[in-house]
Amino acid sequence: MSAAVEETLKRIQSHRGVKGVLIVNSDGIPIRSTLSTEVTDSYAGLIAQLTYKASSVVRTLDETDGLTFLRIRSNKEVGAIDHKGEAPQGVK
Amino acid sequence: MSDVEETLERIKTKPGVIGYVICNAEGTVLRRFPTMTPEQAESYLVAMRRLAAKAGGVVRDMNPRDNLEYLRIRCKKQEVVVARDEEFLVIVIQRWTPAEQA
């Protein structure tokens, strides 16, 4: 299981423009990251909260639906969050 | 104003688009997709306004000089794209299909 995770991380990280990849569990605790500890810690909590909120908004609008992916585009960067129910993974 | 109408027409006729809501900074619905009811528009508006504000906060927490451009929320059944600026909030709801495998 963890070999597949490592491979996926490496694959994503090698995409042009990817600054970092971060895997956060449902409690907002980072479990894997290619970014520095400081950046990881500041992103992890924020991302987890935002993903939770987005997920709950989706279910409020339609109880039968569910969040699968969240993309946040700012002037400077793009963050993509893949929400597989358990572990949001952030790609910067 | 005709630029706006042209853009709206373009969005309206794009395949997969099943709704849109445009509102001003005060949260008043300015335009909505013809088949959307005012209640549907209002519920999307309320939900996305809050979420976009939160996302904007996250972006600025990470970098005070940065700003949210847009937010893409992909669900199992549909996708909602939210673009925000000081004056308006634009919400587009569309169906999505998985990208073809390379």
| field | Subset tally (residues that are touching a strand residue (DSSP E or B) at 6+ places or on another chain (Cβ under 6 Å) and of a type outside the set (Val, Ile, Thr)) for region A:1-34 | value | 7
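Somewhere in region A:73-81, is a residue under 15 Å from B:Val59 (Cβ atoms), among the hydrophobic types (A, V, I, L, M, F, W, C), modelled with pLDDT under 90 and open to solvent by 40 Å² or more (accessible area, probe 1.4 Å)? Full working, then the answer.
Pass one, region A:73-81, residues under 15 Å from B:Val59 (Cβ atoms): A:73-81.
Subset that is among the hydrophobic types (A, V, I, L, M, F, W, C): A:78, A:80-81.
Right, trim to modelled with pLDDT under 90 and you get A:78, A:80-81.
Checking the rest, the ones that are also open to solvent by 40 Å² or more (accessible area, probe 1.4 Å) come to A:78.
Looking through region A:73-81, at least one residue is under 15 Å from B:Val59 (Cβ atoms), among the hydrophobic types (A, V, I, L, M, F, W, C), modelled with pLDDT under 90 and open to solvent by 40 Å² or more (accessible area, probe 1.4 Å).
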| When region B:63-80 is examined, which residues are found to be more than 7 Å from every other protein chain (Cβ to nearest Cβ), buried (at least 18 other Cβ atoms within 10 Å of the Cβ) and within 22 Å of A:Tyr43 (Cα to Cα)? | none
| said: If A:Ala44 meets every condition in (1) of a type in the set (Gly, Ala, Ser); (2) surrounded by fewer than 18 Cβ atoms within 10 Å (Cβ to Cβ); (3) in contact with a strand residue (DSSP E or B) (Cβ under 7 Å, 6 or more places away or on another chain) apart from one, which number is that one? | reply: (2)
| said: Please determine whether any residue of region B:36-56 is at the interface with another protein chain (Cβ under 8 Å from one of its Cβ atoms), within 12 Å of the chain's Cα centre (by Cα) and touching a residue at least 40 places away in the same chain (Cβ under 8 Å). | reply: yes
| request: Go through the residues of region A:12-21 one by one and say whether even a single one is in a strand (DSSP E or B) and either surrounded by fewer than 16 Cβ atoms within 10 Å (Cβ to Cβ) or at pLDDT below 85 (or both). | output: no
| What are the residues in region B:28-62 that are closer than 12 Å to B:Ile91 by Cα and either of a type in the set (A, V, I, L, M, F, W, C) or open to solvent by less than 60 Å² (accessible area, probe 1.4 Å) (or both), if any? | B:Val29, B:Leu30, B:Phe33, B:Ala41, B:Ser43, B:Tyr44, B:Leu45, B:Val46, B:Ala47, B:Met48, B:Leu51, B:Ala52
| field | Cβ-Cβ under 6 Å pairs, at least 6 apart or on other chains, region B:4-29 side touching a residue at least 12 places away in the same chain (Cβ under 8 Å), far side assigned to a loop (DSSP other than H, G, I, E, B) | value | B:Gly16/B:Arg95; B:Gly19/B:Phe33; B:Gly19/B:Met36; B:Tyr20/B:Phe33; B:Ala25/B:Glu87
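Take the residues in region B:80-96 that are in contact (Cβ under 8 Å) with a residue 24 or more places away in the chain and not hydrophobic (A, V, I, L, M, F, W, C), then tell me which one is nearest to B:Gly57 (Cα to Cα).
Taking region B:80-96 first, the residues in contact (Cβ under 8 Å) with a residue 24 or more places away in the chain are B:80, B:82, B:84, B:86-96.
Imposing the further condition that a residue be not hydrophobic (A, V, I, L, M, F, W, C) reduces the set to B:84, B:86-87, B:94-95.
Numbers: B:Arg84: 12, B:Glu86: 14, B:Glu87: 17, B:Gln94: 25, B:Arg95: 28 Å.
Per the criteria, the residue is B:Arg84.
Could you please find all residues in region B:1-36 being of a type outside the set (Phe, Trp, Tyr) and assigned to a loop (DSSP other than H, G, I, E, B)?
Correct list: B:Met1, B:Lys14, B:Pro15, B:Gly16, B:Ala25, B:Glu26, B:Gly27, B:Thr28, B:Pro34, B:Thr35, B:Met36.
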| remark: Here the residues within region A:30-80 that are in contact with a helix residue (DSSP H, G or I) (Cβ under 9 Å, 6 or more places away or on another chain), more than 27 Å from A:Arg16 (Cβ to Cβ) and in a helix (DSSP H, G or I) are A:Gln49, A:Lys53, A:Val57, A:Val58, A:Thr60, A:Leu61
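The values are calculated or read from the model by the stated rules, or taken from the named source; none is laboratory data. Owing to the predicted nature of the structure, the values given are computational and were not obtained by experimental measurement. Backbone-built Cβ (ideal geometry, glycine too); neighbour counts: all protein chains shown. All accessible areas refer to the heavy atoms of the entire protein, side chains included, with ligands and DNA or RNA removed. Shrake-Rupley method; radii C 1.70, N 1.55, O 1.52, S 1.80 Å.
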